Amino acid sequence: MKYDLEFNPDRYRVETAETEGKRLVYRAYEDLVYVKRPSAPEYQKMNIYVPEAYWEGDSIGAYDRNTAPVFLANTVGGYMPGKPEKPGNNHLGRTNTLFQALLHGYVAVSVGARGRGLTGEDGSFIGCAPACIVDLKAAVRYLKYNRDRICGSMSHIISNGTSAGGALSALLGVTGNHPDYESFLEEAGAACAEDDIFAASCYCPITNLEHGDMAYEWEFNGYDNYQRMHGIRDEKTGERKMVPLTGIQSAEQRKMSDELKILFPAYVNGLHLKDEKGNCLKLEEDGNGSFKEYVKARVMESIQKAMEEGTDFSGFPWITVRKGKAVDVDFEQYVAYRTRMKTTPAFDEVALTTPENELFGNKTTASRHFTRFSLEHSKAGGTMAEEGQIRRMNPMNYIGDKTCDTAPYFRIRHGASDRDTSLAVSALLAAALREQGIQVDYHLPWGLPHAGDYDLPELFSWIDGICR
Ligand code: DHB
């Protein structure tokens, strides 16, 4: 089947949603396949929602039908395929992000994308990298191609995502119109339009995957007890349930941790990054240095903000507070407090068992390695992903690249209790963007784990500020 990429403004339903005492009437344009030749049309589609008030001549806040920013939320988690969602309640029964975005006056778009593990009719894997980013770019092209037919300002597309979705939001923001993705967009039949966006909101981005292992060990080396939730099938009911998994790293894993940790300084130093004051961000061989101080300073900012908002830090002997100011934090004890979640290597697993191994598969191979280190240590006889496939998934490779149109605004949030990836990952992303003159609002909210969309009023006021 061939899909028409011309948006029909008359094909909508007026719907009403009510949650937590709030009522919303909106136009729903659903199941819009955004490429001409989808390999997985149930994922390569999006839903667009517009507040009905805009047709009654009303404005919401500062916005009207033409000026409303377009809030583009991806539904990717775990690098798995994601389907577009609807405004309503989330799994906790609370008003979801789409509903809140509509209520705030944005045109709310929920976009699906292919992801790891997805198979085509012939059984081949069709959701490996870079399928997910190609799909998000194709969705942006669809919106821009139809800019005169869809409500909202296509000059103000703000993407949003969490975790793998946060990584994709960052990648989408950085790589606008980059030729690296062109042949994939062409193959899928993306609309003839641009794919750069105005801003990217990224919660706990699981990004920079090929350096994630060394960054993780830079933080967690020496902390060998791990704990995480683990999905299993209940033997009696057959249902999937989450159970805690705890353990201690083996001697072999500890050795790999030592080896990976010492690779990180050379990577950081090779980026030649500077902080806002122009100081070089570097690491010594032992992992200490100005970059570590930079991350520590972000943690102190986090503590300071939480303290001003009423958090009591008296039970934290490793945080020094003087006259209401956080003046020091023992970084090692802070890492011990966060605890290790993943065993070594955290992302490119030597037994090829992680989501990322599967992300870097290809049509015929379910999972592959994407670092030389894990290829050399492979216990699964793994093969290596192509250099281009790995490159296209990492925004760090495109920051400052003049052949792309990078969004001028980024908002990065990484919970100060997150252990899914190292804080260094988001810190490097923020620093690299800032150095290119991009406005980056970066913060590590205290007490928050690996999560997203927890501060929508602040996110929306940031969006309103940059769209003014
Ligand atoms: C996600 C979490 C991870 O720890 C990871 O390695 C990849 C993706 C996620 O929640 O999307």
Residue selected from the range 322-353 under the condition among the hydrophobic types (A, V, I, L, M, F, W, C), crowded, with 16+ Cβ neighbours inside 10 Å and within 22 Å of ASP418 (Cβ to Cβ), by the criterion farthest from the ligand (Cβ to nearest atom): ALA326
Residue match in the range 354-365 (condition: within 16 Å of the ligand (Cβ to nearest atom) and without any contact (Cβ under 8 Å) to a residue 60 or more places away in the chain): yes
Number of the condition not met by GLU293 [criteria: (1) more than 16 Å from the ligand (Cβ to nearest atom); (2) touching a strand residue (DSSP E or B) at 6+ places or on another chain (Cβ under 9 Å); (3) part of a helix (DSSP H, G or I); (4) of a type in the set (Asp, Glu)]: (2)
Neighbours by Cβ (under 9 Å, 6+ apart or cross-chain): first from the range 238-259, under 23 Å from TRP218 (Cβ atoms) and in contact (Cβ under 8 Å) with a residue 40 or more places away in the chain; second aromatic (Phe, Trp, Tyr) and surrounded by 13 or more Cβ atoms within 10 Å (Cβ to Cβ): GLY247/TYR226; GLN249/TYR223; GLN249/TYR226; MET256/PHE373; SER257/TYR216; SER257/PHE220; GLU259/PHE373
Extreme residue, least open to solvent (accessible area, probe 1.4 Å), among residues of the range 107-143 that are part of a strand (DSSP E or B) and polar (S, T, N, Q): SER110
Where GLY247 falls short, out of the listed (1) open to solvent by less than 70 Å² (accessible area, probe 1.4 Å); (2) away from the ligand (no atom under 16 Å from the Cβ); (3) under 18 Å from SER422 (Cα atoms): (3)
In the range 54-91, the residues that are within 16 Å of the ligand (Cβ to nearest atom), open to solvent by 60 Å² or more (accessible area, probe 1.4 Å) and free of Cβ contacts under 8 Å to residues at least 60 places away in the same chain: LYS83, GLU85, HIS91
Some residue of the range 149-171 being in a loop (DSSP other than H, G, I, E, B) and under 24 Å from THR403 (Cα atoms): no
Qualifying residue in the range 386-395 (condition: surrounded by fewer than 19 Cβ atoms within 10 Å (Cβ to Cβ), within 16 Å of the ligand (Cβ to nearest atom) and under 19 Å from VAL76 (Cα atoms)): no
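The values are calculated or read from the model by the stated rules, or taken from the named source; none is laboratory data. The shown structure was predicted, so the numbers you read here are calculated from the model rather than taken from an experiment. Backbone-built Cβ (ideal geometry, glycine too); neighbour counts: all protein chains shown. All accessible areas refer to the heavy atoms of the entire protein, side chains included, with ligands and DNA or RNA removed. Shrake-Rupley method; radii C 1.70, N 1.55, O 1.52, S 1.80 Å.
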